[in-house]
Amino acid sequence: TGYTTLDGGFMNTASTSSAITYIDGEKGILRYRGYPIDQLAEKSSFLEVSYLLIYGELPTEDQLADFTHRIQRHTMLHEDLKRFFDGFPRNAHPMPVLSSAVNALSAYYQDSLDPDDPHQVEVSTIRLLAKLPTIAAYAYKKSVGQPFLYPDNSNTLVENFLRMTFGFPAEPYEPDPEVVKALDMLLILHADHEQNCSTSTVRLVGSSDANLFTSISGGINALWGPLHGGANQAVLEMLDDIKASDLDVSEFIRKVKNKEEGVKLMGFGHRVYRNYDPRAAIVKKTAHDILDKLGARDELLDIAMKLEEAALTDDYFIERKLYPNVDFYTGLIYRAMGFPTRMFTVLFALGRLPGWIAHWREMHADPTTKIGRPRQIYTGYTERDYSEVSAR
Ligand code: CMC
């Protein structure tokens, strides 16, 4: 009683205050800890940005070296946890495999579960950052039936991930430096986005004092949906469908506008950005660059560009302020790098991890935090009497 403010989908309700990421949706601004996303994407590295998000400041040289070293020491998975992957069917989508394995970390690393012990929180932070790329690579290896590779810690995080994903045990693997650079930059672009669906999930799960591993596992599940991180896979499938059915782009746009069969232009629209998504602008340029450099001409890129052009000049999209979001072009890059479509959302998860961790830690460090417990407006029956089953 007395709770009359309904804001389904949190259209206009702040769930927390936060000092991590700033977005101005009207102006298309995104900043991590005050630093503009374009500067970080151009000049920084994913590990440096991870440090920035989690600890609040860019690291000094020594701090970065120490952070990198600590992560490198934790990249291996417990040998028993490796066998965990065998329990999944070969055709399993890698996202549930990822979230299950991350949840299982709470069973394997019980010495770092206490949310109120800063040392344990720090150890679980490092373990997650170090092990998620290994888990992601193993989820892929399992799906293609190839042997797992141990991490080689003389490599950087991204090189190591590419080697564990695409390498073979007895063969040397040299990742393409252009691919390493582009992937590192894409991880930076995905690293945080304030109170999006998965981050809010991590906070909500964590608000019950659940441990960091299990809270992050919840975030991975929220990310999987096609309206959120799953959109990168959905965009590629949409482009594939258009190509396979030889559908005219204008015909597809017409279907979207008429909301036929619930068809949406995937990779378009955003709750907060009402002008443009600054990440999308960077990704679009990278898509062109990387496809050129890898010599990977992709007919799907032409379809994507035609769709974008048609949408940006169409009243339906203009009136609703719908613009390409970060997911519109990322899939084309991942595809050119050799990732199967089902791995795209896993790559989003790798990028978003430091953001999730930063938010979980910010929430726990705040003594005023309370368990997340939304109220409701009840619309059911008032009261009625139970009747015996024979009388119904
Ligand atoms: N295609 C066609 N129509 C759309 C689209 C779209 N992609 N997005 C929004 N609309 C329409 C929607 O039907 C509604 O129309 P109407 O006023 O006639 O009912 C209007 O635009 C407002 O949309 P909404 O769904 O109320 O907006 P929202 O803020 O609740 O949803 C969104 C935001 C991202 C879920 C939505 O734009 C969408 O479903 N986009 C496609 C999926 C996608 O690309 N998601 C990735 C988001 S960015 C990365 C991430 O954060 O994960």
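The numbers here are math on the coordinates, done by the rules we state, and not lab data. It should be emphasised that the depicted structure is a prediction, and the values quoted were computed from it without experimental measurement. Positions of Cβ are backbone-derived with ideal geometry, glycine not excepted, and every protein chain shown enters the neighbour counts.
Summary of computed values
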read-out: Tail fraction, Cα-Cα pairs, region 1-86, threshold 22 Å, whole percent; value: 54 percent
read-out: The chain - mean residue ellipticity at 222 nm from DSSP helices (-39,500 (n - 2.57) per run, n ≥ 4, rounded to 500); value: -17500 deg cm²/dmol
read-out: Percentage relative contact order, region 231-337, counting C-alpha pairs under 8 Å, at least six apart; value: 45 percent
read-out: Among 255, 43, 321: highest mean-square fluctuation, GNM of the chain, C-alpha pairs under 10 Å; value: 43
read-out: Number of Lys pairs (Cα under 17 Å; 8 or more positions apart or on different chains) in region 230-355; value: 14
read-out: Lysines whose Cα lies under 25 Å from that of residue 82, excluding same-chain neighbours fewer than 8 positions away; value: 131, 141, 142
read-out: Proxy reagent accessibility, fewest Cβ within 10 Å first, across 294, 53; value: 294, 53
read-out: Calculated P(r) tail over 13 Å for region 1-50, as whole % of Cα pairs; value: 71 percent
read-out: Sorted by Cβ neighbour density within 10 Å, fewest at the top, the residues 343, 11, 185; value: 11, 185, 343
read-out: Computed magnitude of the charge dipole of region 286-392 (debye, nearest 20; Cβ of K, R +1, Cβ of D, E -1); value: 580 debye
read-out: Computed P(r) (all Cα pairs; region 171-235; 10 Å bins; percent); value: 20, 36, 27, 15, 2
read-out: Hydrodynamic radius of region 109-256 per Kirkwood, over alpha carbon pairs, in Å; value: 18.2 Å
read-out: Compactness of the chain as Cα Rg over 2.2 N^0.38 Å, two decimals; value: 1.04
read-out: Highest-fluctuation residue, 242, 377, 220 considered, GNM on the chain with Cα pairs under 10 Å; value: 377
read-out: Cα-Cα separations in region 1-160 greater than 22 Å, expressed as whole percent; value: 58 percent
read-out: Selection from 339, 212, 155, by position along the positive dipole direction of the chain (Cβ); value: 212
read-out: Square roots of 5 times each gyration tensor eigenvalue, C-alpha, region 132-205, largest first, Å; value: 27, 16, 9
read-out: Value of Rg to Rh for region 231-337 (Rh from inverse mean 1/r over Cα pairs, i.e. Kirkwood); value: 0.95
read-out: The chain: DSSP helices with Cα axial extent of at least 24 Å and average Kyte-Doolittle hydropathy no lower than -1.0; value: 118-144, 344-365
read-out: Relative pair counts by distance (%), Cα atoms of region 274-368, 5 Å bins; value: 2, 11, 17, 19, 16, 12, 10, 6, 4, 2, 1
read-out: Residue among 231, 365, 311 with the largest mean-square fluctuation in a Gaussian network model of the chain, springs linking Cα atoms under 10 Å; value: 365
read-out: Solution diffusion estimate, µm²/s, Stokes-Einstein, region 289-340, Kirkwood Rh from C-alpha pairs, 25 °C, viscosity 0.890 mPa s; value: 202 µm²/s
